[in-house]
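The values are calculated or read from the model by the stated rules, or taken from the named source; none is laboratory data. It should be emphasised that the depicted structure is a prediction, and the values quoted were computed from it without experimental measurement. Don't worry about glycine lacking a Cβ; one is built from the backbone with ideal geometry, like all the others, and counts go over all protein chains shown.
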Amino acid sequence: MAAKGSKAVIYAALAANLGIAVAKFAAAAWTGSSAMLSEAVHSLVDTANQGLLLLGLKRAARPADVDHPFGHGMEVYFWAFVVALLIFALGGAVSIHQGWRKLWAPEEMHDPWINFAVLGVSIALEAYSFSVALKELRAVDAKGTTFAAIRRSKDPNVFAVLCEDAAALVGLVIALVGVGLAYLLEAPAFDALASIAIGVLLVLVAIFLARETLSLITGESASPEVRADVRRILGADARVVSVQEALTMHLGPTEVLLAASLDLRDDLDGAAAEVAVRELTAAIEAAHPEITRIFLRPIQTPAAGRTPQLATA
């Protein structure tokens, strides 16, 4: 996915969450609702998270240098992991603490209609942000379920926002039910329980995001489909006897490194091996533009007094 698409998703979420956070804090202060305060903290954390994702995009766009010869693309994964930690610590833990405190020291809710109005507007704004992120995700991967597409996605700027928005929508429904029951039954405990439930939801989302981004930080390979197609392209060439290894690693959402060892025909000399490498490299780049770094190592059976040729591209 292009950085332009990722930024559009983040900006949409940032605008929605910032407005929602201000409205929720005002409503929580006026009505004394624990669930609304938890939702306000949730939206504030999400707003900060979008800022961190934008920072990650900016830093990842820096050109390669001597210390980072493959570029800085993997910084996107680091900042997405930080986002997961913030959701866990500032979103989930604070909401659970707030709900637990109000459960044992309940406070009467005032003017609950304010909460209902703010929650209704928040659901509409979050639904819009969610639709933007979902559209970007499905534009790249329309196969199977949305959850499967999230698992396959290598762009945390999109799947993190999508998961945040999904959690926000579920959290808003929980808050709406909690505030409604607290008002109708005159039982503030439901408001506190809703806050705890929102916190648990955020903790679960944070764990999922941390697991997905950790896999990318530690050098996740390209998708099985890409790996299989690379082997097909290499193996289909008449000069290739077999593909010994074909290793891939994501250097960023749209950057993949490929390193492969090829068993070439014995009758190819060094010059012919170099031609084969160049042509195979061009074929892979044409089929998969996301593979930006290609290293092919031809292997030949040594003739008498001759060492195997090595060529890279």
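Taking segment 120-154 as the range and being under 15 Å from LEU172 (Cβ atoms), surrounded by fewer than 19 Cβ atoms within 10 Å (Cβ to Cβ) and aromatic (Phe, Trp, Tyr) as the test, only TYR128 passes. Within segment 60-70, being within 14 Å of PRO253 (Cα to Cα) and surrounded by fewer than 20 Cβ atoms within 10 Å (Cβ to Cβ) holds for ALA61, PHE70. Selection of segment 205-216 for residues being under 16 Å from VAL76 (Cα atoms), touching a residue at least 40 places away in the same chain (Cβ under 8 Å) and surrounded by fewer than 15 Cβ atoms within 10 Å (Cβ to Cβ) yields only LEU214.
Of all residues in segment 71-119, those satisfying the criterion of being more than 19 Å from the chain's Cα centre (by Cα), at pLDDT 85 or above and crowded, with 21+ Cβ neighbours inside 10 Å are VAL118, LEU119.
Here is the figure for segment 218-254: residues that are within 19 Å of the chain's Cα centre (by Cα), loosely packed, with under 15 Cβ neighbours inside 10 Å and within 19 Å of THR292 (Cβ to Cβ) total 1. Taken over segment 269-294, the criterion of being surrounded by fewer than 20 Cβ atoms within 10 Å (Cβ to Cβ) and touching a Lys or Arg at 6+ places or on another chain (Cβ under 6 Å) is satisfied by no residue. When LEU57, LEU53, LEU18 are screened for being surrounded by fewer than 24 Cβ atoms within 10 Å (Cβ to Cβ) and over 23 Å from PHE116 (Cα atoms), only LEU57 passes.
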